[in-house]
Amino acid sequence: PSKLTEIKIKFDVIGNLPFLLQGGRQTFHQNILTITKETFPDTPFQNNKPTVFQKYLQSSPLVQSNAPEIKKQVEKIVLHTDSPQMKLQKIVQWVYRTLEKKPVLSVPNALEVLNNMAGDCNEHAVLTAALLRAAGIPAQIETGLVYLNGRFYYHAWNLAYIGQWVTVDSVLNQIPADVTHIRLVRGEGGEQLDLLGAIGKVKLEVTSTKND
């Protein structure tokens, strides 16, 4: 998967489920989902973020980016002089290296994850979002499916804005994330719970891939 630049998947759903299949690196047409890998921008990006993205810098009940503990941790990970690209890389890699990877049955929030330093993809995603926002990088949480060891599994990851939106995964340490990350929903909290009941109603068939 890490070598692919594009994947096409025949995507069938039982029932009418509110999936976010269209937008960003994903296009959905006549039951075919196409996912194209993003490029990581090389040119320096100044912090002139469009106003519409300001809400993705705000603290929320689960992503407490304004909490003193979160801000203090960010200061240990990044430098004020780092470019947004460098901040993104440092934060994703820090979460990947530092959090113990184990399943946790809860709706995580960033402060609890920072205190416990353990969790699965949901914990990784919520802490990554909080650290990125505290570092001045707009960030969102995406949830869906990812291909691992021959199957597609439930997974959560992040979307970060560094001049363009880039999909990143702090569980797998991928920037940008590979094209087998299938976004089904985007949001913090209830969307993930709604998705859990829908996973068994999705049928996937990979029809083509590109690795050029």
Where the chain is the region considered: accessible area per residue in Å², 1.4 Å probe | 50 Å²
At a Cα cut-off below 18 Å, give the aspartates and glutamates reachable from residue 71, other chains included and same-chain residues fewer than 8 away excluded.
-> 82, 112, 123
Extension gain (nm, one decimal) between residue 22 and residue 71, 0.36 nm per residue minus Cα-Cα | 14.3 nm
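Too long at a 20 Å Cα-Cα cut-off: which of 10/102; 8/203; 87/210; 3/102; 3/210; 72/101?
On the way: 10/102 32 Å; 8/203 14 Å; 87/210 30 Å; 3/102 27 Å; 3/210 9 Å; 72/101 23 Å.
From 10/102; 8/203; 87/210; 3/102; 3/210; 72/101, over 20 Å: 10/102; 87/210; 3/102; 72/101.
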Nearest 10 degrees, 0 to 90: helix 68-77 Cα axis against the chain principal axis | 80 degrees
Relative to the longest principal axis of the chain, what angle (0 to 90°, nearest 10) does the C-alpha long axis of helix 84-98 take?
-> 80 degrees
Over the chain, what is the relative contact order in whole percent, taking alpha-carbon pairs under 8 Å and six or more residues apart?
-> 30 percent
Kirkwood hydrodynamic radius (Cα pairs, Å) of segment 66-120?
-> 12.2 Å
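Carbon-plus-sulfur fraction of the accessible area of segment 74-171, 1.4 Å probe, in percent?
50 percent
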Cβ-Cβ FRET estimate between residue 204 and residue 82, R0 fixed at 35 Å, reported to 0.05 = 0.35
The helix 121-134 Cα axis meets the longest alpha-carbon principal axis of the chain at an angle in degrees, between 0 and 90 and rounded to 10, of 40 degrees
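The values are calculated or read from the model by the stated rules, or taken from the named source; none is laboratory data. Source: prediction; values computed, not measured. Using ideal geometry, Cβ is built from the backbone for each residue, glycine included, and neighbour counts are taken over all protein chains shown. Ligands, DNA and RNA are stripped out before the accessible areas are found, and what is left, the full protein with its side chains, is counted by its heavy atoms. Shrake-Rupley method; radii C 1.70, N 1.55, O 1.52, S 1.80 Å.
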